[in-house]
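Here the structure is laid out as structure tokens; the discussion comes afterwards.
The values are calculated or read from the model by the stated rules, or taken from the named source; none is laboratory data. Only a predicted model underlies this, so the values are computations on that prediction, with no experimental measurement involved. Note that we place each Cβ from the backbone using ideal geometry, even for glycine, and neighbour counts take in every protein chain shown.
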Amino acid sequence: MNGKLLFFVIAPAWQLFLLLFSPLILATILSSIVESAFPMQFGIFISLCMDQLWIYSVCTYFSYKYSSNLTVPIVRLKVCLSYNIVYAILFSFSIIPFDYLEFIHLIAFCSNVYCIYFLAKLLVMVEKKSKVRFNDYIGTFFAAYVLLIGIWYLQPRINRVL
């Protein structure tokens, strides 16, 4: 695995929190000073990309490290993550008018839910070293869905598994 992506797996929760959410905070400050929409759009885009990069890093690391014990469809995850990045570009920079984005929003939402589902299931499978049911990882799923709070719960668990 790439050493730069490994940072997302082994970093403490506070570093990831700052990395994931400081672009939004800086964008909010800059957009109030500059009175332009561009800093806020750029901050949203960077935060969305960092979130997807974190999911990608954790899932690929676990799937490669524990590939002998688990069989996970990592290609489907990569397609969903790629779609989410394209969606972030289209939505954040208003490339396509908002009226035409309804179907794209729905697909992006489903794609993001799948990525979070994949992350939650994979993390619990690696922790338990066996197949899991939805009841086993529903808490992890909601923690990953609300990442602002969930990063403080998930990242220490990821570090413990390592």
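Taking into account only those residues within the range 80-95 that are hydrophobic (A, V, I, L, M, F, W, C) and assigned to a helix (DSSP H, G or I), which is nearest to the chain's Cα centre (by Cα)?
Filtering the range 80-95 for residues that are hydrophobic (A, V, I, L, M, F, W, C) and assigned to a helix (DSSP H, G or I), the one nearest to the chain's Cα centre (by Cα) comes out as 81.
Among the numbered criteria (1) under 14 Å from the mean Cα position of the chain (by Cα); (2) surrounded by fewer than 19 Cβ atoms within 10 Å (Cβ to Cβ), which one does residue 75 miss?
Exception for residue 75: condition (1).
How many residues are at pLDDT 90 or above, under 17 Å from residue 56 (Cα atoms) and of a type in the set (A, V, I, L, M) when one looks only at the range 125-145?
Residues flagged as at pLDDT 90 or above, under 17 Å from residue 56 (Cα atoms) and of a type in the set (A, V, I, L, M) within the range 125-145 amount to 2.
Yes or no: residue 65 within 21 Å of residue 10 (Cα to Cα), surrounded by 13 or more Cβ atoms within 10 Å (Cβ to Cβ) and more than 18 Å from the chain's Cα centre (by Cα)?
For residue 65, the condition - within 21 Å of residue 10 (Cα to Cα), surrounded by 13 or more Cβ atoms within 10 Å (Cβ to Cβ) and more than 18 Å from the chain's Cα centre (by Cα) - is met.
Output yes when any residue across the range 41-54 is small (Gly, Ala, Ser) and farther than 27 Å from residue 153 by Cα, and no when none is.
There is no residue in the range 41-54 that is small (Gly, Ala, Ser) and farther than 27 Å from residue 153 by Cα.
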